[in-house]
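The values are calculated or read from the model by the stated rules, or taken from the named source; none is laboratory data. Note that this is a predicted model, so its numbers are computed, not measured. Here the Cβ positions follow ideal geometry from the backbone for every residue, glycine too, while neighbour counts run over all protein chains shown.
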Amino acid sequence: MVAAMLAIHMASAHAQLMGHGGPVRAIAISSDGDSVLSGSFDTAAIRWSLKTESAEQVLRFHSNAVNAVAFLKDGRMATAAADAKIAIWTPGRQQPDQVFEGHTAPIVSLAVSPDGARLASASWDHTARIWSLDDGSHQVLEGHSQNVNGVAFTADGRSLVSVGYDRELRIWPLAGGTPNISMLGSPLNAVAVAPDGEIATAGADGKLRFLTTVGEESGEVQAGQTPIVALAISPDSTLIVAAGIGGAVAVIDRKTRSIARTLADPGSPVWSVAILPDNATLLTGGADGKIRRWNARTGEPIGSSLQATSRDPLAAYAGDHGAEVFRACVACHTLSERDAQRAGPTLAGLYGRRIASLPGYRFSDALKRMDIVWTPETVSKLFELGPNTYTPGTKMPEQRIGSAEDRRALTDFLGRVTSK
């Protein structure tokens, strides 16, 4: 179907990885620092090359927002989503090797054990689970009374830390027994464990709290004025990055328990953060679908106008009004089947095609039940009424094109370029 009309600023100086059609909910970095895995509200995960700043693989399996991603020790990848499923992937393969099922509500966090043998998940079904990456068997950790929002293994791999909206931080011994429970002053959204074992957690009140290995509070920092939704600790454990839903991103000196700097104009609300193995480069995932790169030591953006493709795919259509209207779609959709796949389906051969019928793309069940054939008239109607009205149940972000002239320019452009 036609792309979400997201606002994309092609000249942005630090929007380096563009391809998602919705907020970037999760980011993970490979152990060698060469690859990034991202998950988005657009239901896709993307494996990126940082060297070329390009998408190497789009992972399509989930039927809802991909909320958590992880690189496994053996080079494979894990994705987890609001569909309550975990998928295990081998790079280059189009379908997951394994699918773990058991949760009954959205999964929002993943963690890999230090030995690489197990995967932990946090879910809004009020449980955390620990999965064997060998056979998919799992252990259910019950006790939270509300949504479990974050999980992290302790540095020695002997326990799992979980945090929830019930304000509880629980340290579960993997050998069994009663967990240590710390009741904190705010609903908790994220947790991370430093290499030396110290625990950091943050939540709705914008505070970053530090705890000992047994769950005793040892300090706090007011990292922001809005809820913190993501945390990352640098590999050398000197820095902690806290991202707030309001868009503020604080880089915190762990030793002094103070804010060392904040990012210069991080843009839209930030949903995810990660730090590269160099301990100096920070990635943020925004509500605008962009992944930005920053110098964690200065707070300044890194990079030029390079994006997920090495050339402007619309350069050949300079001066074409329809192409300019379409420019907001190009980050997620291609016009030709020859182009590298992006987060959304290709628009090649669009007119005359029934909605949600393109082979190889995972469409929502709501779209599959609709009896719409894409024509200039139906595409125009989509953006006149908005996706939520014209295609109810779609996960496509809501956007309208109010000008009949702009809609006509777009549909004419699509007719000319997608039929080639």
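Numerical summary
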quantity	calculated
Total residues in the stretch 360-387, condition in contact with a His (Cβ under 9 Å, 6 or more places away or on another chain) and either of a type in the set (S, T, N, Q) or surrounded by 17 or more Cβ atoms within 10 Å (Cβ to Cβ) (or both)	0
Contacts under 9 angstrom Cβ, first residue in the stretch 100-128 being closer than 14 Å to Thr79 by Cα and free of Cβ contacts under 8 Å to residues at least 12 places away in the same chain, partner in a strand (DSSP E or B) and small (Gly, Ala, Ser), 6 or more apart	none
In the stretch 102-130, the residues that are acidic (Asp, Glu) and within 21 Å of Arg25 (Cα to Cα)	Asp125
Residue match in the stretch 44-59 (condition: exposed (fewer than 15 other Cβ atoms within 10 Å of the Cβ) and either outside the structural domain of Gly289 (by TED's automatic domain parsing) or touching a Phe, Trp or Tyr at 6+ places or on another chain (Cβ under 7 Å) (or both))	yes
Residue in the stretch 35-43 that is assigned to a loop (DSSP other than H, G, I, E, B) and within 27 Å of Pro114 (Cβ to Cβ) present	no
Identity of the residue in the stretch 220-232, at pLDDT 95 or above and surrounded by fewer than 22 Cβ atoms within 10 Å (Cβ to Cβ), that ends up farthest from Trp172 (Cα to Cα)	Gln222
Residue in the stretch 285-306 that is in a strand (DSSP E or B), surrounded by fewer than 20 Cβ atoms within 10 Å (Cβ to Cβ) and either modelled with pLDDT of 95 or more or of a type in the set (Ser, Thr, Tyr) (or both) present	no
Wholly enclosed strands (runs of 3 or more DSSP E) of the stretch 144-212 bearing at least 2 residues more than 20 Å from the chain's Cα centre (by Cα)	159-164, 168-173, 180-183, 199-203, 207-211
Condition broken by Arg76, with the remaining ones in (1) crowded, with 19+ Cβ neighbours inside 10 Å; (2) modelled with pLDDT of 95 or more satisfied	(1)
Count of residues meeting criterion [under 20 Å from Ala190 (Cβ atoms) and in a strand (DSSP E or B)] in the stretch 95-117	6
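Yes or no, residue by residue, for (1) within 21 Å of Thr212 (Cα to Cα); (2) surrounded by fewer than 14 Cβ atoms within 10 Å (Cβ to Cβ):
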{"position": "Pro91", "(1), (2)": "no, no"}
{"position": "Gly116", "(1), (2)": "no, yes"}
{"position": "Trp124", "(1), (2)": "no, no"}
{"position": "Thr127", "(1), (2)": "no, no"}
{"position": "Thr154", "(1), (2)": "yes, no"}
{"position": "Ser159", "(1), (2)": "yes, no"}
